[in-house]
Number of protein chains: 2
Amino acid sequence: MNWNKLFSESTNGMKESLIRELVALTKGVKGMISFAGGFPAEATLPSKDLSEIFAESIKDFGNDILQYGPSGGDKFLKKEIKKWEGIEDYSDDQILISTGSTNGIYYFTKTFIDKGDVIISEGPSFLGTLVAFEAEGAIVEGIPMDSEGMIMNKLRMKIASLKNEGKKIKFIYTIPEFQNPTGITMSLKRREELIQIAIENEIPILEDNPYEELRLTGTKIPDIYKIARDKFENTDIVTTVKSFSKTLGPGLRLAYAFGPEKVIGEMISWTQKINVSTDCVTQRAVSNFLKKDMFRPHITGIRKFYQPKLNLMLEELEKNMPAEIKWTHPEGGMFVWVYLPEKLNADELFNKAIKNKVAFIPGSKFYPSNQEVYHELRLNFSYPSLTDIKEGVKRLADIIKQELN
Amino acid sequence: MNWNKLFSESTNGMKESLIRELVALTKGVKGMISFAGGFPAEATLPSKDLSEIFAESIKDFGNDILQYGPSGGDKFLKKEIKKWEGIEDYSDDQILISTGSTNGIYYFTKTFIDKGDVIISEGPSFLGTLVAFEAEGAIVEGIPMDSEGMIMNKLRMKIASLKNEGKKIKFIYTIPEFQNPTGITMSLKRREELIQIAIENEIPILEDNPYEELRLTGTKIPDIYKIARDKFENTDIVTTVKSFSKTLGPGLRLAYAFGPEKVIGEMISWTQKINVSTDCVTQRAVSNFLKKDMFRPHITGIRKFYQPKLNLMLEELEKNMPAEIKWTHPEGGMFVWVYLPEKLNADELFNKAIKNKVAFIPGSKFYPSNQEVYHELRLNFSYPSLTDIKEGVKRLADIIKQELN
């Protein structure tokens with residue numbers, strides 16, 4: 001068969017997430033210390049509690065949850081999510097339970113994107129999302145960040161120039177807290193500016209907040225949707241997606257989206273065509289986990305577990321890295337972002353690093369197509385042990401020093 | 001916000017599955033006997049066993065299955081599926097675990113379809129699939145059936161005329177066993193002809209077989225992929241999707257697809273962008289259900305449960321319906337299809353029927369756009385009780401008799 005002749009244009013042009021391949025290169029290598037992955041540590045996964053709760057949920061509600069469920073999601077889980085988020089004023093039709101955040105983001109993308117439409121994101125941003133945007137034919141425009149997040153002047157200029165070119169900007173995608181890959185959190189002031197700009201230009205915001213509960217130091221800044229609602233009295237401009245992946249486990253593929261009913265309604269129509277619904281057993285089990293007030297103490301435990309890892313990584317970077325090297329100072333999440341001098345190329349450094357048994361992801365992988373920056377890299381601190389963080393940062397610093405000489 | 005201006009063309013043009021609305025009309029109405037749904041009976045859902053197996057699976061493998069899993073699916077489940085299907089010669093890369101059959105079919109559609117491409121299906125066919133095909137911009141051409149399934153002369157003529165028009169035919173979609181909505185099973189001869197035509201024209205076949213295990217009488221006819229492999233020595237032309245929805249419960253959203261590695265590979269690339277993977281907990285639990293040899297006896301139980309329902313529905317139709325009315329004689333599945341005289345309109349009959357507290361789905365709902373036939377209707381026998389089947393068929397026959405007078 002001449003498959004490529006039969007395949008769709010988007011299939012033939014599809015980009016892969018190269019991160020998987022890079023991570024694969026580091027797996028099973030004896031002595032390898034990997035800062036490459038983006039996995040939660042197994043010690044934070046509540047296997048024992050979930051084992052009991054799944055058993056109980058199926059025993060008590062099997063006839064209901066083994067049956068077809070509503071495409072928008074289980075009403076019991078929606079009730080618990082409303083309580084958790086403090087959005088009891090939202091109707092059930094403003095909430096969609098999705099098969100992970102990526103799934104909710106995909107439905108949002110399908111709702112808005114025709115080939116050639118523009119999505120504005122932070123540059124760099126989460127690769128999984130970028131490849132999905134591009135697979136749907138979107139042009140992604142990355143806006144640079146500083147320590148307060150997306151730079152608003154640059155956003156304004158980009159919007160103006162895109163409009164000038166006659167481009168259709170369909171939405172702004174942001175990961176405001178402990179962003180993947182940089183670990184940067186958007187400041188309150190920037191969040192307000194972002195909302196202002198979005199309202200002025202009638203461009204919806206997609207707020208992706210998977211790391212929110214992994215705040216390890218500092219003070220929570222209100223979610224963008226909350227600022228829009230409370231300060232701008234606008235409940236149309238923001239759609240938010242949040243996930244249970246970083247708290248209960250990514251294997252559950254469970255997340256939720258909430259926003260204007262009109263948008264959520266179309267996302268549910270896409271759900272009917274793509275998944276019918278999210279796994280109803282998992283939905284009810286997690287609903288019961290929340291109902292029994294097990295989620296709050298579980299998160300406290302996760303924070304206690306990750307906090308020393310973040311602290312140690314920042315300390316060891318300080319101790320070991322040469323003066324030319326800078327990095328972000330995240331207050332949570334899973335990642336630290338390192339800025340190398342421009343003469344160093346992190347893609348090349350990767351090959352040297354894995355020979356020396358330490359791995360990271362080169363920063364270029366996180367940029368939209370044709371906007372790559374090559375002197376940055378991402379370090380994960382959630383998965384490696386404390387001993388490995390100490391030794392791994394030292395190894396990496398040694399390699400960088402060699403390169404600089 | 002001017003949402004429709006922002007929404008994508010496909011979102012603005014999207015058709016809903018009207019069946020949900022029709023089913024909703026019949027729900028909670030006192031005394032209503034519904035043949036409208038397509039749900040498995042709750043008595044067939046193995047709640048007790050699954051409760052234990054989920055608990056055990058999470059307890060024993062929590063650290064593995066709560067973590068991210070491969071996009072293509074759990075290797076333990078793939079192993080069990082290979083054994084079950086008798087495809088031990090397939091590599092893991094030829095199998096994809098999907099979030100229900102609809103999900104696998106969607107990935108297949110994304111793999112092949114550009115806007116304006118043609119998909120050939122049976123007419124009528126499963127509405128959930130038809131609306132997904134059309135949402136992706138495909139033109140669906142329905143081929144009429146007789147008691148042996150899709151009529152092959154009509155298929156040949158349709159392919160010839162589409163080719164004449166310069167249309168790109170991307171695949172042939174078929175539900176060969178106990179088809180939804182008609183209950184018709186494609187004969188062995190037709191399956192062979194279908195493969196022959198597909199090979200000659202280089203058009204892939206998508207074989208959707210969710211009802212296979214619900215064979216209640218008669219003898220199993222080999223799957224289309226098996227005939228292609230064994231008789232035509234062709235392992236490229238057929239991709240097959242099968243589901244656990246009708247046996248373990250649709251709430252689990254679990255199904256699998258297998259076929260040529262090149263096609264499955266692209267479907268996995270779409271999985272990465274749309275769901276990342278299917279729920280890993282559910283995958284391992286079902287894998288253990290299969291491993292413990294609990295699936296075969298469970299299916300035997302389901303068959304014993306449904307068989308009297310099918311028999312009774314056919315008997316009662318025979319007893320009660322006027323001579324002008326014909327219907328299919330399924331050997332399994334969930335549905336019987338009724339042919340009314342052309343002067344009757346099943347859409348109009350529906351309204352009269354629900355007033356008389358009996359419901360069905362008008363046949364027109366199952367046709368591709370602009371190909372509707374109005375004098376047919378679908379009856380479900382899996383969900384209603386034996387008492388309700390007896391009484392419901394009588395009510396329906398009475399209404400039809402009135403209409404004929």
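The values are calculated or read from the model by the stated rules, or taken from the named source; none is laboratory data. None of these values were measured; they are calculated from a predicted model. Reconstructed Cβ throughout: ideal geometry from the backbone, glycine too, with neighbour counts over all protein chains shown.
A few points about this structure:
- Tally, over segment B:232-260, of residues that are surrounded by fewer than 24 Cβ atoms within 10 Å (Cβ to Cβ), among the charged types (D, E, K, R) and within 10 Å of chain A (Cβ to nearest Cβ): 1
- Scanning segment B:75-109 for residues that are surrounded by fewer than 24 Cβ atoms within 10 Å (Cβ to Cβ), of a type in the set (A, V, I, L, M) and within 14 Å of another protein chain (Cβ to nearest Cβ) yields a total of 0.
Okay, residues lined up against (1) among the acidic types (Asp, Glu); (2) under 30 Å from A:Asn351 (Cβ atoms); (3) touching a Lys or Arg at 6+ places or on another chain (Cβ under 7 Å):
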| position | (1), (2), (3) |
| --- | --- |
| A:Gly37 | no, yes, no |
| A:Phe54 | no, no, no |
| A:Phe61 | no, no, yes |
| A:Leu66 | no, no, no |
| A:Gly72 | no, no, no |
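Conditions (1) in contact with a Ser or Thr (Cβ under 7 Å, 6 or more places away or on another chain); (2) of a type in the set (Ser, Thr, Tyr); (3) closer than 25 Å to B:Ser47 by Cβ; (4) assigned to a helix (DSSP H, G or I), marked per residue:
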| position | (1), (2), (3), (4) |
| --- | --- |
| B:Met267 | yes, no, no, yes |
| B:Lys304 | no, no, yes, yes |
| B:Pro322 | no, no, no, no |
| B:Val338 | no, no, no, no |
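- Scanning segment B:199-231 for residues that are β-branched (Val, Ile, Thr) and crowded, with 16+ Cβ neighbours inside 10 Å returns B:Ile199, B:Ile203, B:Ile205, B:Ile221, B:Ile224, B:Ile227.
- Residue check, B:Gly62 more than 30 Å from B:Val140 (Cβ to Cβ) and surrounded by fewer than 17 Cβ atoms within 10 Å (Cβ to Cβ): no
- Residue in segment A:65-80 that is hydrophobic (A, V, I, L, M, F, W, C), within 20 Å of the chain's Cα centre (by Cα) and modelled with pLDDT of 95 or more present: no
- Members of segment B:75-114 found to be of a type in the set (S, T, N, Q) and over 16 Å from B:Asp236 (Cα atoms), listed by number: B:Ser98, B:Thr99, B:Ser101, B:Thr102, B:Asn103, B:Thr109
- Selection within segment B:257-285 - among the aromatic types (Phe, Trp, Tyr) and farther than 23 Å from A:Gly128 by Cα: B:Phe258
- Taken over segment A:115-128, the criterion of being in a helix (DSSP H, G or I) and facing chain B (nearest Cβ under 9 Å) is satisfied by A:Gly128 alone.
- Qualifying residue in segment B:282-296 (condition: outside any helix (DSSP H, G or I), closer than 15 Å to B:Ile95 by Cα and in the same structural domain as B:Gln94 (by TED's automatic domain parsing)): no
- Checked against (1) touching a residue at least 40 places away in the same chain (Cβ under 8 Å); (2) of a type in the set (A, V, I, L, M); (3) touching a Gly at 6+ places or on another chain (Cβ under 8 Å); (4) over 29 Å from A:Lys48 (Cα atoms), A:Ala346 meets all criteria but (1).
- The residues listed here are B:Phe133, B:Phe54, B:Phe112; of these, the one that is within 7 Å of chain A (Cβ to nearest Cβ), buried (at least 19 other Cβ atoms within 10 Å of the Cβ), in contact (Cβ under 8 Å) with a residue 12 or more places away in the chain and under 24 Å from B:Gly166 (Cα atoms) is B:Phe112.
- Exactly one residue out of A:Gln196, A:Gln272 is within 13 Å of chain B (Cβ to nearest Cβ) and surrounded by fewer than 24 Cβ atoms within 10 Å (Cβ to Cβ), and it is A:Gln272.
- Checked against (1) at the interface with chain B (Cβ under 7 Å from one of its Cβ atoms); (2) under 21 Å from A:Pro210 (Cβ atoms), A:Pro46 passes all but a single condition, namely (1).
- Residues that are facing another protein chain (nearest Cβ under 7 Å), of a type outside the set (Gly, Ala, Ser) and closer than 30 Å to A:Ala353 by Cα do occur in segment A:28-40.
- Residues (β-branched (Val, Ile, Thr) and either surrounded by fewer than 24 Cβ atoms within 10 Å (Cβ to Cβ) or over 30 Å from B:Ser245 (Cβ atoms) (or both)) located in segment A:277-313: A:Ile299, A:Thr300, A:Ile302
- Restricting attention to segment B:1-27 and to residues that are facing another protein chain (nearest Cβ under 7 Å) and of a type in the set (A, V, I, L, M, F, W, C), the residue that is farthest from B:Val281 (Cα to Cα) turns out to be B:Met1.
- Of all residues in segment A:314-333, those that are in contact (Cβ under 8 Å) with a residue 60 or more places away in the chain have Cβ atoms under 8 Å from Cβ atoms of residues that are surrounded by fewer than 16 Cβ atoms within 10 Å (Cβ to Cβ) and of a type in the set (S, T, N, Q), 6 or more apart or on another chain, in A:Thr328/A:Ser147; A:His329/A:Ser147; A:Glu331/A:Thr217; A:Gly332/A:Thr217.
- Residue check, B:Phe360 more than 22 Å from the chain's Cα centre (by Cα), under 21 Å from B:Gly38 (Cα atoms) and not aliphatic (A, V, I, L, M): no
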